[in-house]
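First up is the structure itself, then whatever we jot down about it.
The values are calculated or read from the model by the stated rules, or taken from the named source; none is laboratory data. Remember, it's a predicted structure, so these values are computed and weren't measured experimentally. Cβ atoms come from the backbone with ideal geometry, glycine included; neighbour counts cover every protein chain shown. Heavy atoms of the whole protein, side chains included, go into the accessibility calculation; ligands, DNA and RNA do not. Shrake-Rupley method; radii C 1.70, N 1.55, O 1.52, S 1.80 Å.
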Amino acid sequence: MKDIFFQTFRRILFFWVRTKVADDAIQSLGLDPEKPICYVLERRSLSDLAVLEQECIKVDVQRPYAGLDRDGLSEKHAFFFLHEPEKMLRFSTQKSNKRYSDRLVNLLELVQSTEHLDVKLVPVSIFWGQAPQKENSILKALLSDNWRVTGRLRKFFVILFQGRNVFVEFNKAISLKQLLDDGLELEHTARKLSRVLRVHFRRTRTAVLGPDLSHRRTLMNELLQADLVQAAIEEHAQQEAVTIQDAEKKARRYANEIASDISHGVVRFFDILLTWLWNRLYAGIEVNYIDRVKAVAKEYEIVYVPCHRSHMDYLLMGYVLYYNGLSLPHIAAGKNLNMPIVGSLLRRGGAFFMRRSFSDDALYKVVFNEYLHLVFSKGHSIEYYIEGGRSRTGRLLNPRTGMLMMTLQSFLRDPKRPIAFVPVHLGYEKVFEGRTYLNELKGKTKKKESITGIFQAMRRLKISLGKVRVNFAEPILLDQFLQQHQADWPALRQDMVANPAENQHPEWVAALSKQLAIEIVKRINQSAAMTPISLVALVLLSMPKQSMDERALIHRLDELVGLFRAIPYHSDVTLPEGNGREWLDYVETKMKVVVRQEHELGDIICLEGTNAVLMTYYRNTILHLFALPALLACFFLQNRSVSRQKIVATSASIYPYLQAELFLPWTIEEATALFEQWLDCFVEKNLLCYEDGKLRRAPTNSVEFSLILVLGQTVIQTLERYYITLSLIQNSDNGKIKAEDLENQCHMMAQRMSMLHGFNAPEFFDKSLFKNFILMLKKTQVLQENSQGYLVYADELAEMVKSAKLILRSEVRQSIKQVTSLR
């Protein structure tokens, strides 16, 4: 009778209830269906049990309500609740509060007494709505699952309001046989297992829901009462000659300007809106390696550090985390997004706002730092963009260390729970703001974000932006990173805590922040997404007129991916499914970024108009993946043969500058070994061969040479940009030009070269790239600044210019010399 009632209840419940199951669903746990399985739910709940039963029916595995009657077992059901009413528990005495389910004890006794029997316990967490608890919220009893035990009436309202948003997470199975092998008494084993399960459920709940959210007013008061903020208020009052009350009002105004105010109602609104938006704009969202985040989320505070491609990034990251059963992070957003209506929605969706710079406002800086520390100390995850702004070129920007330093200082102040940084690569097949970026790179002023701009953007919602790939890189565990790069950090931390006034900005923390920033962007690159569009862009943009025979293009696409598979950049890089013909068909018919010109001898595929320039953005997203073989190929664009030793030595001398620009992960020694491997690979694939002790390229009319041409052209403009800089320095009187003047001259000369020779890559004359190259020349001691701030170059500069003759065509070198002489 009870079984009929339960199954009827389940069927009625699922007229209304809809569930989402985590990626690590039960079918991926690798359980043997012939072996006994018993499920564990945290608390007694008929509706939770019905949800579990339904999910098991879907995938045709052991049902919890069915009996365990195999291998000598004779249990009526295959589940138990970790927290049972007292009358249903054993090992309960007046002296002990330890209580355990009868079924758990029965299973332990039977496994202990039966030699070859094992039972797998599968903990299952079920969340009715993924809303963190919010203190003093009247609606919390009705609208969300949270940390409190749920009564029947309250559960009814939870099902009513959140029944369409139920999240189920199956977790790694626990072997009772392995537990009993420890040799503990039965009661001690039951106690140990219950403790492990309690900790597991608590950590899972934290990872999915996040910690309790304080009421915003309570948070503001706690923030303003912090010792550092109070000291900053007093100092501000003295410096500005205002009252303490006025200074405190200003601090409160800053706090309100900064702080997020997460509302689950707004989160659900974004859930519905973004589901519609992604279906409208994108052909799907592909998420890779998120299991890494789930593995560390239960032990570490998570700091998500994605690359920044688009304003869509803010929404995409939250959406992906929410739908994969992870708590929403507090997201750092620029103050420019704090617009009327939009800013309020973003704030309630988890955004906290920050100014572009606040080094000149000591009070704001202290309030912001303390807010960040408060968020960390309460156990919330955080998301910020280490590049500072959106990339307009598709390349990773130089990382900024401000937020990293604040994060490190917060951890060092109170290292209760370790921090894990999770780099994330966001791979768009098309960027929503693509044409806007193009205009900005051409010199147009960046438009300020506004409500009007949003409405104008909505008119573009009919376009198709292809797929989005979200790749989570290997997390960086901060405690391990500190131990590796600053082994004495605990002692240095003690000094910071003991003398806070003297250690507000320790040099060792600043140095670690820079090292950490570089490691983060390297890992973002290591998890890049190669897409059909980026591959087609790489090939077509290497051609003089951005056009190619269809059959040759398909062949080059397949060869490029084959070359990558031969010596992979990193195992985390994701490749598109299919082959060259399928990728070209997708880019032409679905994405409509190439044009077909029909011809009797074979159709021509080409890029036209602004599409040719826009495609440089997508090529740049994978440029680093082919940087090493591309550099080697450059030697054979104008030379028929070159000695292997000369190639490796010259490549090694250029590598530090490419490494700094593209954030390549290898040391010079590792890169040199890879150059050798790549040359062997070129020989194996008949791109090169040995002749008179030198490496000789394939004939220029051969299929093999066309691949060398494609590879070489991907980085040749980077090397030409370097040569422009070196030529300008060499043509200047030594010690007579400053770095800023050199940057401006490089920018103008490159712009002129682009006009004269039709270079279609706006980053060719990007001033920031010249600035970074000049900084690297100073770092390698090729350039030095004298006491007046003028640049003095060393003898190595002449060697670098000489190396350029080995790679760059004579007409290009001559053109650069002519242009640089016009300065």
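Structure note, pairs 249/335; 514/771; 522/590; 20/155; 738/805; 514/767: Cα-Cα distances above 24 angstrom occur for 522/590; 738/805. These residues, 802, 694, 155, go from largest to smallest accessible area, 1.4 Å probe, as 802, 694, 155.
Rounded to the nearest 10 degrees, what's the angle between the helix 227-240 long axis and the longest principal axis of the chain, both from Cα atoms, 0 to 90? Here the helix axis deviates by roughly 50 degrees. The tail of the calculated P(r) for the range 154-280 beyond 17 Å holds 76 percent of all Cα-Cα pairs. In the structure shown, the pairs 2/76; 646/802; 736/778 are assessed against 20 Å; each Cα-Cα span is contained within that value. In order along the range 184-200, the phi-based Karplus estimate (6.51 cos²θ - 1.76 cosθ + 1.60, θ = phi - 60°) of 3J(HN,Hα) comes to 7, 5, 4, 5, 5, 5, 4, 5, 4, 5, 4, 5, 4, 5, 4, 4, 4 Hz; Gly and Pro are listed as x. Eigenvalues of the alpha-carbon gyration tensor of the range 203-343, scaled by 5 and square-rooted, set the equivalent ellipsoid semi-axes at 35, 19, 14 angstrom, largest first.
Kirkwood hydrodynamic radius, computed over distinct alpha-carbon pairs, for the range 665-823: how many Å, to one decimal? Result for the range 665-823 stands at 17.5 Å. Compared with the direct C-alpha span, the chain from residue 357 to residue 700 gains 118.2 nm at full extension, assuming 0.36 nm per residue. Estimated purely from DSSP H runs of n ≥ 4, each contributing -39500 (n - 2.57), the mean residue ellipticity at 222 nm for the chain is -16000 deg cm²/dmol once divided by its residues.
The amide H of residue 567, built 1.01 Å from its N in the peptide plane, has no neighbour under 5 Å, considering only residues 5 or more places off or on other chains. Here the Karplus relation 6.51 cos²θ - 1.76 cosθ + 1.60, evaluated at θ = phi - 60°, turns the backbone of the range 489-497 into coupling constants of 4, x, 5, 5, 5, 4, 5, 4, 5 Hz, with x for every Gly and Pro.
Stretch residue 684-residue 202 to full length: gain in nm at 0.36 nm per residue minus the Cα-Cα span? Display every interim value, and only then the final one.
Details: separation 482, 0.36 × 482 = 173.52 nm, distance 5.54 nm.
My answer for the length gained is 168.0 nm.
Assuming R0 = 41 Å, what is the FRET efficiency of residue 480 and residue 113, from their Cβ-Cβ distance, to the nearest 0.05?
Values: r = 43 Å, r/R0 = 1.06.
Efficiency, from the Cβ-Cβ distance: 0.40.
Leaving ligands, DNA and RNA out of it, rank 355, 348 by accessible area with a 1.4 Å probe, largest first.
Result, largest first: 348, 355.
Approximating the spin labels as points 7 Å out from Cα along Cα→Cβ, the residue 341-to-residue 273 distance works out to 1.0 nm.
Counting other Cβ atoms within 10 Å of each Cβ, which trypsin sites (Lys or Arg not before Pro) in the range 231-338 have at most 16 and sit in a DSSP loop?
Values: sites: 249, 250, 252, 253, 268, 280, 292, 294, 298, 309, 335; in loops: 298, 309.
For trypsin sites (Lys or Arg not before Pro) across the range 231-338 that sit outside H, G, I, E and B with at most 16 neighbouring Cβ atoms in 10 Å, the list reads 298.
Here is the P(r) of the range 543-607: all C-alpha pair distances, binned every 5 Å from 0, give 4, 15, 24, 24, 16, 11, 5, 2, 0 in whole percents. Calculated accessible area for the chain comes out at 45 Å² per residue, all protein chains present (probe 1.4 Å; ligands, DNA, RNA ignored). Axis angle, to the nearest 10 degrees, between helix 2-13 and the longest C-alpha principal axis of the chain: 40 degrees.
Would you calculate the volume per residue, in Å³, of the smallest convex hull containing every Cα atom of the chain? Don't jump to the answer; show the numbers that get you there.
Numbers: hull volume 184.2 nm³, N = 823.
Residue-normalised Cα hull volume stands at 224 Å³.
Give the separation of the Cα centroids, the range 155-201 to the range 408-434, in Å. Cα centroid of the range 155-201 versus Cα centroid of the range 408-434: 30 Å apart. Taken one residue at a time, the phi angles of the range 105-112 give Karplus couplings (6.51, -1.76, 1.60, θ = phi - 60°) of 5, 4, 5, 4, 4, 5, 5, 5 Hz. Gly and Pro are set to x. Between 0 and 90 degrees, rounded to the nearest ten: what's the tilt of helix 668-684 against the longest Cα principal axis of the chain? The angle comes out at about 80 degrees. The figure for residue 71 is an accessible area of roughly 90 square angstrom, using a 1.4 Å probe on the protein chains alone. Solvent-accessible area of residue 42, all protein chains in place: 30 Å² (probe radius 1.4 Å, heavy atoms, ligands and nucleic acids excluded).
Annotation: Cα Rg of the range 341-383 relative to the compact-globule expectation 2.2 N^0.38 Å equals 1.29. Look at where the Cα atoms of the range 761-792 and of the range 660-704 average out, and the two centres are 29 Å apart.
Using the Cβ-Cβ distance between residue 598 and residue 5 with R0 set to 60 Å, the FRET efficiency works out to roughly 0.30.
Counting only C-alpha contacts under 8 Å and six or more residues apart, can you give the relative contact order of the chain as a whole percent?
Here the relative contact order equals 9 percent.
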